[in-house]
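This report concerns only the one structure given below.
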Amino acid sequence: MTARSVEARRLQAVVDIARTMTGVAPDQRQVSEAAARAVTELLGDGCSVWLTVPGERTGLARAGAAHRDPRAERLLRHGGDLIEDSWGADLLYAVLEAGIDAILGPAEVAAHLDGPELGAAPWNAVDGLGAVAVVPLGGDGSVRGVLVATREAGKPTYADGDVAFLHAVADTAAATLVAIDRLAFSTAAVDDMRRQAELVDQVSDVIIAWDAEDRVVNWNSAAERVYLYSAAEALGCDAQALLATQFISTATGEAVSRADLLAELGRTGVWNGELRQRRADGDEVQLLCSMTAMTDQFGHVSGAIAINRDVTEHRREEKLALHDALTGLPNRRFLLDHLAQVLNRCAAGAGLVAVLFLDLDGFKRINDDLGHEAGDEVLRVTAERLWSSVRRHDVAARLGGDEFVVVAEQVRDRWNAEELGRRLIAAIGEPVVVAGRTVRVTPSIGVTLVDAASAPLRGPDEVIRSADAAMYTAKRGRSGVSFAA
């Protein structure tokens, strides 16, 4: 037999071990027997697979064996008694704990047989052995057992190619055993959820579960109502991709990356936040989410279950209550609440705050000459320019009419605040085409600065009145920007 054909047969044997997953109800015994049989048929050695016993640090149980000679059969068939009696368990458990294989050639075996401690290894009780290989079954971050191969005396010791083949068999068997465990756990979890399906479908909240590959395994009737996907359409799909999910922190309002969410699930087992998702008709929905990790018997995250409450309408009502209907900017109610929080942070040492009050010069003439629709368009354009000109963490709001307020935190100094005001004047002062005519409005801006010392003494209304008074000073002096005294 050529070297190439030997390699081909060995590769096919490894593939056959992995294929045990495709059988009906694959189990540990089938995988272990396939591994032992591959070693016996292709190396001509005796082989036995021993798996760790769950819950026992030093427990081993034989799961599969194949024998070619009486000595190997005697050793591997009765070796369990020797191991249980702690005769020669040291080497096997060293391999288990270290995850490093032990290859004993004729010299090592002879040394054990001739040594003073005849119970140092289980094969010492058997004459005529020439070589022994103990290879760990590593997988899923732990060693699940050992593969023990024995070769009779007179045969060549284990060559590098033989050892590589033993490792391939052991690694494939271990990976297949991990897959079987996860499949069994997922199946049990899904069966349990299905037994509760009738109860789950009576719940008004969305309940979704997915496995380690993000495939949907549970989709209740509330999920069908909210997302407009039937269970038949959703099951088996990638849960996050199907709904274009964005994870939002309820504490900060900022997006949470999938990696950070998975890290939190792995660390604490739970994640609470908000979801922005896309339903089947393309509309966005917002949901409060309570997510719990599902773990396998080894404690690894194997999926998650989420209980989501649709708050889309509530969020829409909140936005209408806190935002200006014409421009979409935050309204006075939002502004006062936000400014109160900003002043508290300022008092705690968060840095200088600038409050800018803007009034549009010439706006009344546009309303009178071109009508209120043209005036509304000017206000919408002004709001867009205002919002695009402030920093991401600043807030621009509309008080009413042609009056706007900007709250800027962590301003460096007075000149930095004035620079912001000049930038707003330049942006808003660009021409606007409305009702077929080109018009221009420019704001007068009053600025109030609040530092840590004065913040505890001032309330939101008083700060806005102060900036309003400074705005009238700017309007009278046509200076563009004026600071409160």
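Each value in this text was obtained by applying a stated rule to the coordinates, not by laboratory testing. Note that the structure is predicted; figures quoted are calculated from it, not measured. Glycine also receives a Cβ, built like all others from the backbone with ideal geometry; neighbour counts cover every protein chain displayed.
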Item to check | All lysines inside 20 Å of residue 364 as judged from Cα atoms, apart from same-chain residues fewer than 8 positions distant | outcome: 475
Next on the checklist: Show me the ranking of peptides 165-172, 421-428, 409-416 by mean Cβ neighbours inside 10 Å, starting with the highest.
Outcome noted: 165-172, 421-428, 409-416
Checklist entry - Among 95-103, 376-384, what's the highest-first ranking by average C-beta atoms within 10 angstrom per residue? => result 376-384, 95-103
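With N residues in the stretch 314-410, what two-decimal value do you get for its Cα radius of gyration over 2.2 N^0.38 Å? Spell out each step's value before the answer.
On the way: Rg = 14.7 Å, N = 97, 2.2 N^0.38 = 12.5 Å.
Dividing the Cα Rg of the stretch 314-410 by 2.2 N^0.38 Å gives 1.18.
Once the Cβ-Cβ distance between residue 204 and residue 238 is put in as r, and R0 is 25 Å, what FRET efficiency do you end up with, to the nearest 0.05? Numbers along the way, then the final one.
Working: r = 26 Å, r/R0 = 1.02.
Efficiency computed from Cβ-Cβ geometry: 0.45.
Can you pull the semi-axes for the stretch 204-316, root of five times each eigenvalue of the Cα gyration tensor, sorted largest first, whole Å? Mind showing how you got there, number by number?
Working: eigenvalues 90, 64, 26 Å².
After diagonalising the Cα gyration tensor, the semi-axes are 21, 18, 11 Å.
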Checklist entry - Tally Lys/Arg at +1 and Asp/Glu at -1 over every other residue whose Cβ is under 15 Å from the Cβ of residue 457; what's the total? => result -1
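What is the sum of charges around residue 239, taking Lys and Arg as +1, Asp and Glu as -1, for the other residues whose C-beta is under 14 Å from the C-beta of residue 239? Don't skip to the end; give the middle numbers.
Details: positive: 215, 258, 278, 279; negative: 211, 213, 214, 233, 238.
Net of charged neighbours comes to -1.
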Checklist outcome for this item: Within the under-13-Å Cβ sphere about residue 103, not counting residue 103, Lys/Arg +1 and Asp/Glu -1 give a net charge of -4
